[in-house]
1. Say we look at region 138-185 and pick out the residues that are among the polar types (S, T, N, Q) and in a strand (DSSP E or B); which of these is surrounded by the most Cβ atoms within 10 Å (Cβ to Cβ)?
2. Could you tell me how many of the residues in region 92-135 are part of a helix (DSSP H, G or I), touching a residue at least 24 places away in the same chain (Cβ under 8 Å) and under 19 Å from L39 (Cα atoms)?
3. How about region 292-306: which of its residues are in a loop (DSSP other than H, G, I, E, B) and closer than 17 Å to V223 by Cβ?
4. So Y289 clears everything in (1) part of a strand (DSSP E or B); (2) surrounded by fewer than 18 Cβ atoms within 10 Å (Cβ to Cβ); (3) within 26 Å of the chain's Cα centre (by Cα); (4) not charged (D, E, K, R) except one condition, right? Which one?
Amino acid sequence: MAIQIPVYTFTGFLESGKTKFIQETLEDPRFNAGERTLLLVLEEGEEEYDLSRYPAKNIYLHVVDDLDSLTTEKLQYWEKKHKIQRVVLELNGMHLVGDFYEKMPANWGIAQEVMFADATTILQYNQNMRSLVVDKLQGCEMVVFNRVPVGADIMPFHKLARALNRRVDIVYDFADGSTTFDEIEDPLPYDINAPLIEIGDEDYALFYRDITEEPEKYDKKTVRFLAQVARLRKDKDGIFAPGRFVMTCCADDITFMGIPCKYPAAAELKTRSWVRVTASIEVRYSSVYKGRGPVLTALEIIPDKEPANEVVTF
């Protein structure tokens with residue numbers, strides 16, 4: 001079904017600035033020219049919406065105290081009742097974004113997702129509730145770090161965002177009211193232009209993410225990395241999937257990330273054994289990706305020993 005109702009999602013923890021930003025956005029005639037809008041609030045902070053400050057007759061505010069009680073049928077009811085054209089969603093930071101998206105009617109679609117983070121507390125949230133921080137950062141298009149002290153080191157915020165989402169736009173909103181976009185460059189920890197790209201044992205997660213997000217820049221290159229042996233489907237003779245177990249946020253979120261590799265003696269490799277893979281890279285159609293993606297052709301497979309850290313992180 002075609003997307004008919006765009007959803008603008010604003011995430012972040014309590015008192016992170018979501019309400020203030022949404023209020024200002026709805027006051028902006030460039031965004032709000034009277035469109036029939038469902039303003040869906042799943043978190044009530046100290047700041048309240050002032051419906052008198054913008055074209056309010058077509059703004060329909062609904063506060064949901066319990067996400068578990070919200071149903072697709074209820075959302076469809078509000079859509080029809082108000083004849084809405086779009087949804088503006090303020091999501092409780094303690095909720096997983098996907099829990100709401102799973103309830104959306106089929107004709108609703110995500111138009112934009114923005115995360116707000118209080119610079120004075122977000123690093124503590126990341127230490128104590130990392131899975132919730134990861135949930136918000138992984139899917140958003142932009143993250144706004146607000147209340148940043150003037151002169152503060154912004155690198156910890158940059159690293160937090162970039163480790164989880166390489167494509168996210170980062171904005172710093174300083175305590176004096178000034179705002180700036182993040183322009184810090186993130187060089188890869190290996191030389192992608194070298195005749196042989198050597199991937200450090202602790203850098204596999206970054207390599208995997210980069211080659212799967214931007215495979216074309218690796219086409220026709222040669223790479224070497226430490227990996228565990230994994231199998232593809234049994235009908236794939238002469239192919240295996242060297243890779244590593246990667247932890248994104250916590251011990252419950254460890255996933256094996258491998259890349260299909262053509263190797264005539266693949267059947268002789270012991271599953272979960274450690275090997276040093278040297279391979280050429282070709283970007284082409286593969287049933288593994290159900291589209292184009294990086295496929296390795298082994299040039300050399302050498303048995304190797306287990307590293308100090310079996311699981312790698314970003």
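The values are calculated or read from the model by the stated rules, or taken from the named source; none is laboratory data. Only a predicted model underlies this, so the values are computations on that prediction, with no experimental measurement involved. Glycine also receives a Cβ, built like all others from the backbone with ideal geometry; neighbour counts cover every protein chain displayed.
1. Going residue by residue through region 138-185, those that are among the polar types (S, T, N, Q) are 138, 146, 165, 178-180.
Narrowing the set further to residues that are in a strand (DSSP E or B) leaves 146, 179-180.
Values: N146: 21, T179: 11, T180: 12.
That would be N146.
2. To start, the set of residues in region 92-135 that are part of a helix (DSSP H, G or I) comprises 97-101, 122-128, 130-135.
So of that shortlist, the ones also touching a residue at least 24 places away in the same chain (Cβ under 8 Å) come out as 97-100, 122-123, 125-126, 130-135.
Now narrow it down to the ones that are under 19 Å from L39 (Cα atoms): 97-100.
Counting residues in region 92-135 that are part of a helix (DSSP H, G or I), touching a residue at least 24 places away in the same chain (Cβ under 8 Å) and under 19 Å from L39 (Cα atoms) gives 4.
3. Matches in region 292-306: D304 only.
4. (1)
This table checks each residue for (1) over 18 Å from P307 (Cβ atoms); (2) within 22 Å of the chain's Cα centre (by Cα).
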site	(1), (2)
L196	yes, no
D201	no, no
E216	yes, yes
K221	yes, no
R224	no, no
Q228	no, no
D237	yes, no
F256	no, yes
S273	no, no
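Rundown of residues vs (1) assigned to a loop (DSSP other than H, G, I, E, B); (2) aromatic (F, W, Y); (3) crowded, with 18+ Cβ neighbours inside 10 Å; (4) at pLDDT below 90, yes/no style:
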position: I3; (1), (2), (3), (4): yes, no, no, yes
position: F10; (1), (2), (3), (4): no, yes, yes, no
position: R30; (1), (2), (3), (4): yes, no, no, yes
position: E35; (1), (2), (3), (4): yes, no, no, no
